[in-house]
Amino acid sequence: MSILDKQYPTNVYRLILITAAAIWGLGFVIGKSAITTVGATWFTAIRFFGAGIVLLIILFPHIKRSFCRKTLKAGMIIGVATFLGFWTQFLGLGMTTPSKNAFLSACYCLTVPFIWWVVSRRRPPAKVFISAAICTAGIGMVSLTEGFSISLGDGISILSAFLYGAEIVIIGLVMRDNDILTTTVVQQFTSGILALLLALTTQPMPTAAQVITPEFIGAMAYVAVLSAAFGAVAQNTAQAHVSPSEAGLLCSLESVFCALFSVAFFGEVLTPRMALGFALIFASVVATQLGDKGGSTATNSSPEESADDGPAATTSRESSEPVKRNRGRITR
């Protein structure tokens with residue numbers, strides 16, 4: 001039995017998502033110079049292919065045993081969703097300010113409950129909507145530094161929030177009956193192929209002088225190995241045990257970590273407004289746990305609950321009834 005096959009308390013999977021969010025947040029800061037060097041589309045293509053190659057080398061014996069048509073299909077579906085979220089955020093970033101783009105795309109924590117409601121036809125409890133609203137307000141205080149108005153770039157950034165939300169829901173739905181590691185590798189290569197096709201048709205090829213530098217290689221190594229490879233495995237694993245709504249909320253903490261790392265390592269000033277935003281985001285995460293006693297994972301559920309309730313039914317509930325259990329971003 002591998003470490004991914006074992007069942008852990010739900011709080012372990014929550015911690016995994018928070019760790020992934022921290023890695024993504026630092027990845028935004030580290031990868032910013034690489035994006036400036038080669039452009040967002042080439043950056044995305046290199047990032048996804050790099051992650052896919054790293055995972056393929058490390059996991060080749062496992063993938064050889066587990067690869068099948070069903071896993072290929074699942075990975076491709078998730079990979080398309082992942083690419084669309086990235087691409088629309090980058091498109092919006094080119095037509096609006098970085099702060100507004102970061103805020104609007106990170107609002108996927110608010111879109112996930114509604115998307116999951118439509119898909120599962122099960123209304124999330126009120127605390128989910130309250131928590132998402134508080135989190136959105138907090139992200140706004142952290143990210144927005146100027147007057148707010150809606151432009152075409154803002155609208156595309158909002159679209160990316162829905163696509164990222166859809167990605168989180170799709171992972172929860174598709175991953176439940178597929179091998180996590182093999183599906184993740186297919187996901188990375190699928191996103192990489194789509195990004196490469198877009199890059200080849202819209203941007204010039206990066207030169208050797210641009211990419212053969214310690215700074216660029218170091219940045220891409222971080223985002224490919226940690227942000228992409230580890231982050232994707234961590235998220236796909238955790239979402240088999242955490243509800244889509246809560247996963248969206250925890251993943252959105254990447255915007256908080258991004259700001260914190262900017263303050264800690266790059267001299268950005270922590271203003272009272274940002275501090276209040278951090279407090280609101282933290283309060284939103286705490287609010288999702290109110291009335292939740294935690295507990296064990298899906299192994300405690302009956303077969304009937306597992307069949308009816310989706311990815312995994314745990315004793316950590318979003319409501320008193322069994323619920324379906326199960327991924328903005330430049331950094332992911």
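The values are calculated or read from the model by the stated rules, or taken from the named source; none is laboratory data. This is a predicted model, so every value here is computed, not measured. Note that we place each Cβ from the backbone using ideal geometry, even for glycine, and neighbour counts take in every protein chain shown.
What to note about this one:
- Residue 26 passes every criterion in (1) farther than 25 Å from residue 139 by Cβ; (2) buried (at least 22 other Cβ atoms within 10 Å of the Cβ); (3) not small (Gly, Ala, Ser) apart from (1).
- Condition met for residue 182 (crowded, with 17+ Cβ neighbours inside 10 Å and over 28 Å from residue 259 (Cβ atoms)): yes
- Leading residue by the ranking (surrounded by the fewest Cβ atoms within 10 Å (Cβ to Cβ)) among those in the stretch 207-250 that are hydroxyl-bearing (Ser, Thr, Tyr) and either in contact with a strand residue (DSSP E or B) (Cβ under 7 Å, 6 or more places away or on another chain) or under 27 Å from residue 173 (Cβ atoms) (or both): 237
- Helices (runs of 4 or more DSSP H) contained in the stretch 1-108 and holding at least 1 residues under 17 Å from residue 251 (Cβ atoms) and at pLDDT below 90: 10-38, 69-93, 98-105
- Scanning the stretch 118-125 turns up at least one residue that is buried (at least 17 other Cβ atoms within 10 Å of the Cβ), out of contact with any Lys or Arg (no Cβ under 7 Å at 6 or more places or on another chain) and modelled with pLDDT under 85.
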